[in-house]
Structure formats: C-alpha cells, structure tokens
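J.: Would you mind keeping the following structure in view while I ask a few things?
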Amino acid sequence: MASWGDLAAYVHDTYDVISEREGEIRILFNFEQFNEDDERTQVIILVREELDRLHEWVQIASPIGLASSVDLHALLTEVGNSTIACGAAIMGEHVVLRHSLPLSDLDIHEFTDPLTLLAGTADQLEEQFFGGDNY
C-alpha cells in the first residue's frame, strides 16, 4: 500500500462497501466468508487519518454498542485481558474497538489481519456485553 487511494481500491475489490464519503469507507464484514454456517456480520469503519500533516494512516473501527448501556469497567477489563489488535474508545455515544496503521509501507496482510481480528473481537464483545448483533 502506498496511499489511501490504494487501500480504498483494495477494499472495494475485496469487501462489501455499504457507504463511502471522502476519507471514510464503511464495510459490512461477513463472517460467512470464513465459515459458511456463520451468518453474523460486523460494521467496520475505515477512516483516513493524517499525522502531523505528513503521514497517512488508516483507522479501523467498529461500533459495538451504546456506552450508556454497558458496564465500562467490565468491558475494558475484558478488552485488556483478551484482545491483541485493538483498543476500546467512546466515540460519540458508542463504544468502539479501533486500531490504526500507517499507510506508507503497509503490506496488505498488515491491514487484513488486524481488520479480521478487530471484526471478530468486536462481534464477540458485542454479543457478550450488549446481547446481540446490532452493528
């Protein structure tokens, strides 16, 4: 990868894009592509970020539920104990899992592996703490 444009082209060729605006692509990550019996999905938001006006990054984020309806201490404890490729944050009213990567010399596996891990973790935590598959 060399730029946001390169990543966007790859994402369009590989994933189910559900919406797009400048600097942001939303995809529906379908777990069925890995396990035909699994019909669950997870919304993933890819955002172009710029560090120091010099370096392009991609932020991978997935909402898992409303912050007001969860025990944040228990959720953050679980994230700390069981996640590898993401951290939790509150963005707006939602708890999200997110991970960021520099684009300049990004190998495609450095994008797809964290995206897959984040989607799976988000799906698991959403079920565990919010009781469903709403995002």
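The values are calculated or read from the model by the stated rules, or taken from the named source; none is laboratory data. The model shown is predicted, which means the values in this text are computed figures rather than measured ones. Note that each Cβ is placed from the backbone with ideal geometry, even for glycine, and that neighbours are counted across all protein chains shown.
J.: Quick test of your reading of the structure: SER69 fulfils all but one of (1) touching a helix residue (DSSP H, G or I) at 6+ places or on another chain (Cβ under 6 Å); (2) over 23 Å from TYR15 (Cα atoms); (3) touching a residue at least 60 places away in the same chain (Cβ under 8 Å). Name the failing condition by number.
T.: With respect to (1) touching a helix residue (DSSP H, G or I) at 6+ places or on another chain (Cβ under 6 Å); (2) over 23 Å from TYR15 (Cα atoms); (3) touching a residue at least 60 places away in the same chain (Cβ under 8 Å), SER69 is out only on (1).
Table: residues versus (1) over 21 Å from THR41 (Cβ atoms); (2) surrounded by 14 or more Cβ atoms within 10 Å (Cβ to Cβ); (3) in contact with a helix residue (DSSP H, G or I) (Cβ under 6 Å, 6 or more places away or on another chain); (4) aliphatic (A, V, I, L, M).
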| residue | (1), (2), (3), (4) |
| --- | --- |
| ILE60 | no, yes, yes, yes |
| GLU78 | yes, yes, no, no |
| VAL95 | no, yes, yes, yes |
| HIS99 | no, yes, yes, no |
| GLY131 | no, no, no, no |
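J.: Quick check: is even one residue across the stretch 106-116 out of contact with any Pro (no Cβ under 6 Å at 6 or more places or on another chain) and not in a helix (DSSP H, G or I)?
T.: Checked against the condition, which is being out of contact with any Pro (no Cβ under 6 Å at 6 or more places or on another chain) and not in a helix (DSSP H, G or I), the stretch 106-116 yields at least one hit.
J.: Return only the number of the condition from (1) at pLDDT below 95; (2) loosely packed, with under 15 Cβ neighbours inside 10 Å that THR83 does not satisfy.
T.: Of everything listed in (1) at pLDDT below 95; (2) loosely packed, with under 15 Cβ neighbours inside 10 Å, THR83 misses just condition (2).
J.: Still on this model: Go through the stretch 11-78 and tell me which strands (runs of 3 or more DSSP E), entirely inside it, have 2 or more residues that are within 19 Å of GLY132 (Cα to Cα) and touching a strand residue (DSSP E or B) at 6+ places or on another chain (Cβ under 6 Å). Please lay out each step first, then the result.
T.: On the way: elements: 16-21, 24-30, 41-51, 55-66.
Answer list for the stretch 11-78: 24-30, 41-51, 55-66.
J.: Another one. If I filter the stretch 27-49 down to residues being of a type in the set (D, E, K, R) and modelled with pLDDT under 90, which single residue comes out as nearest to VAL96 (Cα to Cα)?
T.: Looking at the filtered set, the residue picked out is ARG40.
J.: Moving on. How many residues, within the stretch 90-117, are in contact (Cβ under 8 Å) with a residue 24 or more places away in the chain, among the hydrophobic types (A, V, I, L, M, F, W, C) and farther than 20 Å from TYR10 by Cβ?
T.: Total meeting the criteria: 4.
J.: Shifting gears a bit: Going by what's in this entry, would ASP123 be described as charged (D, E, K, R), over 25 Å from ASP52 (Cα atoms) and touching a residue at least 40 places away in the same chain (Cβ under 8 Å)?
T.: It is true that ASP123 is charged (D, E, K, R), over 25 Å from ASP52 (Cα atoms) and touching a residue at least 40 places away in the same chain (Cβ under 8 Å).
J.: Also: Any chance you could count how many residues in the stretch 2-26 are within 12 Å of the chain's Cα centre (by Cα) and modelled with pLDDT under 95?
T.: Matching residues across the stretch 2-26 total 0.
J.: What is the number of the single condition among (1) under 28 Å from ALA8 (Cα atoms); (2) out of contact with any Asp or Glu (no Cβ under 8 Å at 6 or more places or on another chain); (3) at pLDDT below 95; (4) not hydroxyl-bearing (Ser, Thr, Tyr) that PRO63 does not meet?
T.: Among (1) under 28 Å from ALA8 (Cα atoms); (2) out of contact with any Asp or Glu (no Cβ under 8 Å at 6 or more places or on another chain); (3) at pLDDT below 95; (4) not hydroxyl-bearing (Ser, Thr, Tyr), the lone unmet condition for PRO63 is (3).
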